[in-house]
Amino acid sequence: MTALRTASGLGQGTGYARTAKIAALGLGLALFASGCSSSSGESSAEETSAETETAAASVLSCPESQGGTGEDPGAKGDPAAVPASTGTTDVPLKIGTLLPTTGSLAYLGPPEIAGTNLAVEEINAAGGVLGKDIEIVHRDSGDTTTDIATQSVNDLLSQGVSAIVGAASSGVSKTVIGNITGAGVIQFSPANTSPDFTTWDDNGLYWRTAPSDLLQGRILGNYIMSCGAQTVGMIVLNDAYGTGLQSNVKTSVESAGGQVVAEEMFNEGDSQFSSQVDSVVAAKPDAIVVISFDQAKSIVPLLTAKGVDSSQLFFVDGNTSDYSKDLDAGTLEGAQGTIPGTFASENFKESLLAVDPALKDWSYAGESYDAVTLLALAAEAAGSTDGKAIAAQLESVSGEGEKCYDFAGCVTILRGGGDIDYDGYSGPITFDENGDPTEAFIGIYQYDADNVPQPSRSEAGKL
């Protein structure tokens, strides 16, 4: 079960303590009932108009935005001062990526790929792993409507990678996890959040820097209730990612005394969402949660056309993105969404932009950077580039030891005979035996008039 707590109790570096501003998730706020317009074809034009006006005027009262300025986790090491490796390897560390450049989650590909490339640059600038530069090979994951992921995994395995960073989609990962871990190769996802992976039979080879949706779903549910909602409707992607979030949002809402009055599902590849929207709007919920990927581009206009006020809309990491070019200005103003991880610092953004100047989104860049850095540190600790040997050290390099915040700083400690506790851009990490981070942040973002999500506040939680 997820326990919320303040940042000061996380045992993090000072950067995290300054960044996290924890919202009170109690229900001391007054509750507001906000009705949506009816979708019934039997209503008169006057009734429909009146209902639309009522829906548009009904606004929840969420906690005020506290803003969100990301800060670096801690001081980085000096690449020029890193001592020579005490180990050697005949096989340089080769890492593959399985990240989306096509499909419904393609917008996440650029920041994730940039994060992995930045980590590789920094690792090699510090002399590489076990005396040799590491190599990264990028391949597309597509989505669950295609077989691109399987083809990409087969290609990466044929090239002798020790680990594969990806997929972003939990549904995609489920289609390839057996192939990857069955080959003795680590699968390390920067964005999988399905709770199913916690108990997956993966031979100890599946890891992730994104927290389980036990955390994101419950924080989102609690936050919606703190906004004064009594009833909640949901439009949900029917896959491992969507149903996992749905379950945990619902549990949180009901535990706080609220009611989920509508749950409408759709499948990957669907392009029509009118029936789901009509059913949810007809239930007149105070708040509507849209759990999707880029299908939100089609769902949102249908909701607002029914008179749903944008402040009633809540999104998740799969669809909390920049819609400035997709929707009319002001469409999403006041809507909110969650993304696991800390807010990206200005230094980190600058470093990512040096790798990819076209970047406009930072989602899961930190988690991707951390995945590659942790793999490199674990390989150094293991004295090997073998996947199983690396996996055996991942919990150790993220756990108890001297705090460090990048490859150069951490590997300097390792090569001096010390133990390390890596904290990264995604948070404190600290893996458990299942390969899950045991504590993490969930960022809450609020949309501005340009339909761009802006940092609003940060919630810390322990799993």
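Data overview
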| read-out | value |
| --- | --- |
| Charge dipole of the chain about the Cα centre (unit charges at C-beta), most positive-ward option of Ser458, Thr331, Val289 | Ser458 |
| Theoretical gain in end-to-end length, Asp432 to Thr150 [0.36 nm per residue, Cα-Cα removed] | 98.7 nm |
| Unit charges on C-beta of K, R, D, E only; dipole of the range 326-371, Debye | 80 |
| Projected-area mean, the range 224-286, by convex hull of Cα positions, square nanometres | 4.2 |
| Debye log10 I(q)/I(0) at q = 0.27 Å⁻¹ for the range 405-459, Cα point scatterers | -1.03 |
| Under DSSP loop assignment and at most 14 Cβ neighbours within 10 Å, longest trypsin sites (Lys or Arg not before Pro)-free interval of the chain | 6-324 |
| DSSP beta bridges in the chain [antiparallel fraction, %, rounded to 5] | 35 |
| Dipole magnitude of the range 387-459 about its Cα centre (Cβ charges: Lys, Arg +1; Asp, Glu -1), debye to nearest 20 | 260 |
| Extension gain (nm, one decimal) between Ala358 and Glu64, 0.36 nm per residue minus Cα-Cα | 102.7 nm |
| Prolate/oblate/rounded call for the range 257-409, Cα gyration tensor, a/c under 1.5 rounded | prolate |
| Estimated [θ] at 222 nm from DSSP helical runs (n ≥ 4, -39500 (n - 2.57)) normalised by residues in the chain, nearest 500 | -10500 deg cm²/dmol |
| Filter on Lys94/Lys349; Lys250/Lys284; Lys297/Lys360; Lys94/Lys403; Lys76/Lys403 - keep pairs with C-alpha separation over 20 Å | Lys94/Lys349; Lys94/Lys403 |
| Prolate/oblate/rounded label for the range 321-366 (Cα gyration tensor, a/c 1.5) | oblate |
| Residue-span extension gain [Asp196 to Val137] - 0.36 nm each, minus C-alpha spacing | 18.5 nm |
| Dipole of the chain, positive direction: furthest Cα of Met234, Ala191, Ser298, with charges on the beta-carbon | Ala191 |
| Cα gyration tensor shape of the chain, rounded if a/c is under 1.5, else prolate or oblate by comparing a/b with b/c | prolate |
| In order through the range 303-318: 3J(HN,Hα) via Karplus (6.51 cos²θ - 1.76 cosθ + 1.60), integer Hz, x for Gly, Pro | 5, 5, 5, 8, x, 5, 6, 4, 6, 8, 9, 10, 10, 10, 4, x |
| Heavy-atom accessible surface of the range 377-460: percent carbon and sulfur, 1.4 Å | 40 |
| Solvent-accessible heavy-atom area per residue, rounded to whole Å², over the chain at 1.4 Å | 35 |
| Assigned charges on the beta-carbon of Lys, Arg, Asp, Glu; the chain dipole about Cα centre (debye) | 620 |
| Kirkwood hydrodynamic radius of the range 127-179, Cα pairs, Å | 12.1 |
| Nearest-ten-degree value, helix 346-355 long axis tilted from longest Cα axis of the chain | 70 |
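The values are calculated or read from the model by the stated rules, or taken from the named source; none is laboratory data. For clarity, every value in this text was computed on a predicted model and none was experimentally measured. Cβ atoms come from the backbone with ideal geometry, glycine included; neighbour counts cover every protein chain shown. For accessibility, only protein heavy atoms count, side chains too; no ligands or nucleic acids. Shrake-Rupley method; radii C 1.70, N 1.55, O 1.52, S 1.80 Å.
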